[in-house]
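Below is one structure, written out as C-alpha cells, with a few remarks after it.
The values are calculated or read from the model by the stated rules, or taken from the named source; none is laboratory data. Everything quoted here is computed from the prediction, not taken from an experiment. Quick reminder, even Gly has a Cβ in these numbers, built from the backbone with ideal geometry, and neighbours come from all protein chains shown.
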Amino acid sequence: MLSQIHLGGMQLLVLSAHAKVNLCLDVLKRRPDGYHEVDMILQSIDLVDEVMLEQIGFESIELGGALAGTPCGPENLVWKAAMLLASHAEVCGRGGGGGRRGVRITLNKKIPTAAGLGGGSADAAAVLAGLNQLWNLSLSLSELEALSAKLGADVPFCISGGCARARGIGTELAFLPGAGGSQQGAPPLNLVLFTPHIPVSTAAVYHNLNLDHCAWHPEVASVWEGCRLSDINLITGHWGNVLQPVTFNMHPELERLKNRFESLAGTPVIMSGSGPSLFTIQPDVTAAQNLAAQMRDWPGQVFAVKTFPCGVDFGGNTLVSSKS
C-alpha cells in the first residue's frame, strides 16, 4: 500500500513492493549480446517489502532499514533506481525543481533475497513509482517502464505487476486484463511458497544451461490460457521451468526438497526463476495455510500467499491508473 504523511514540511511515502513467481519459464536462445530470449509468465503475489521514501532538503540519496544483508550503498538496485530517475529528471527538466532532489529510502525486506522472487526488482520499481510522485515528475507508465528496463529485465513487469506473459529478454509484456474492464488482472490462486537456505547463482544457472541439449520446453501458451480462465488444472498441467533441471543438477538437495514438498502437498511443485524458491497451488486459503503450517520446521522460509493484481501497491490505487 501507499500512504502519504507530512513531517515538518517533508513528505513521506510508504509503498508495498510485491514479489513475483514464474508460473512458467522457457528460454528460447542466447543472444549475441549475452541476454537470453525468454517466454514466461510472471505473477505478482502478496508477499511484500515495505519501501519508505522521505524527501530531504539536500541533494543526496540515503538508504537504510532492515536490508536483510543487501548492500546499503550505490551497488543496491534501489539506490541505482533513485539515481537513474534523478538523472533523468535533471536531463529532461521534469518536476520543475531545477535539479536533483534528495531522498531518504528506508527498506524493510520480507521477500527473501536472491531467491527467484524478484525482490530487488520489486523494490527498484517501487522507488521509481514513488519518486515519480514524490518529485512531481508526472512520468507516464510507459516512460517509467522504458526507464526501468535499464535496471534489469524484471523491473518493467514489477512497475505494473499482476499477471503477464513476458517475451524478448523479459521486457516485452502482455498483461492479463482485469475484471470489469480494468487494465490489470490475476488468476485468484492460493500458493504455498518455500525458500530453502540454498544459495543459487542466477548467472551460474544460465551459464550451465545448454539449449542444444534441452529436448523439453513448457507449454507457455496453455498456461497463459489457464491464467485467463483461472483454471488451476490447466495451469499446473502444462507449467514448467526450463531452468529447473539445471539448478537441480547444481544443487541435488533442492530436488530432494522439491520431491518432499510435492509428496506432502499432493499437488505439483515448480521452481520460481533460477531458484531456489519452490511453490505449489492449493485449492483454497485454508488448504494453503494448513500446508504451510506443516512445513514450519523445514530448512527455509515458508509462506502461504495469494496472487495479487499489481506490483507496486498504492493503497488500492495502482500505478497503471496513471498511464498516459
Filter result (within 17 Å of Asn22 (Cβ to Cβ) and out of contact with any His (no Cβ under 6 Å at 6 or more places or on another chain)) within the range 203-224: Val205, Tyr206, Leu209, Cys214, Trp216, His217, Pro218, Val220, Ala221, Trp224
Which listed residue is of a type in the set (Ser, Thr, Tyr), out of contact with any strand residue (DSSP E or B) (no Cβ under 6 Å at 6 or more places or on another chain), modelled with pLDDT of 85 or more and more than 19 Å from Ala153 (Cβ to Cβ), from Ser87, Ser16: Ser87
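For the range 14-35, check the following and say yes or no: at least one residue is hydroxyl-bearing (Ser, Thr, Tyr), in a strand (DSSP E or B) and surrounded by fewer than 24 Cβ atoms within 10 Å (Cβ to Cβ).
yes
So, in the range 269-302, exactly how many residues are surrounded by fewer than 16 Cβ atoms within 10 Å (Cβ to Cβ) and touching a helix residue (DSSP H, G or I) at 6+ places or on another chain (Cβ under 7 Å)?
Residues that pass the stated criteria total 1.
At least 1 residues that are among the charged types (D, E, K, R) and more than 27 Å from Val14 (Cβ to Cβ) in each: list the helices (runs of 4 or more DSSP H) lying fully within the range 220-321 that qualify.
220-229, 252-265
Each row is one residue, and each column tells you yes or no for (1) touching a residue at least 60 places away in the same chain (Cβ under 8 Å); (2) closer than 18 Å to Met271 by Cα; (3) within 22 Å of the chain's Cα centre (by Cα).
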position: Asp212; (1), (2), (3): no, no, no
position: Arg228; (1), (2), (3): no, no, yes
position: Ile232; (1), (2), (3): no, yes, yes
position: Gly237; (1), (2), (3): no, yes, no
Residues being more than 30 Å from Met295 (Cα to Cα) and either of a type in the set (Asp, Glu) or not in a helix (DSSP H, G or I) (or both) - total across the range 193-216: 6
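State whether one or more residues within the range 243-260 are under 21 Å from the mean Cα position of the chain (by Cα), at pLDDT 95 or above and closer than 28 Å to Val127 by Cβ.
yes
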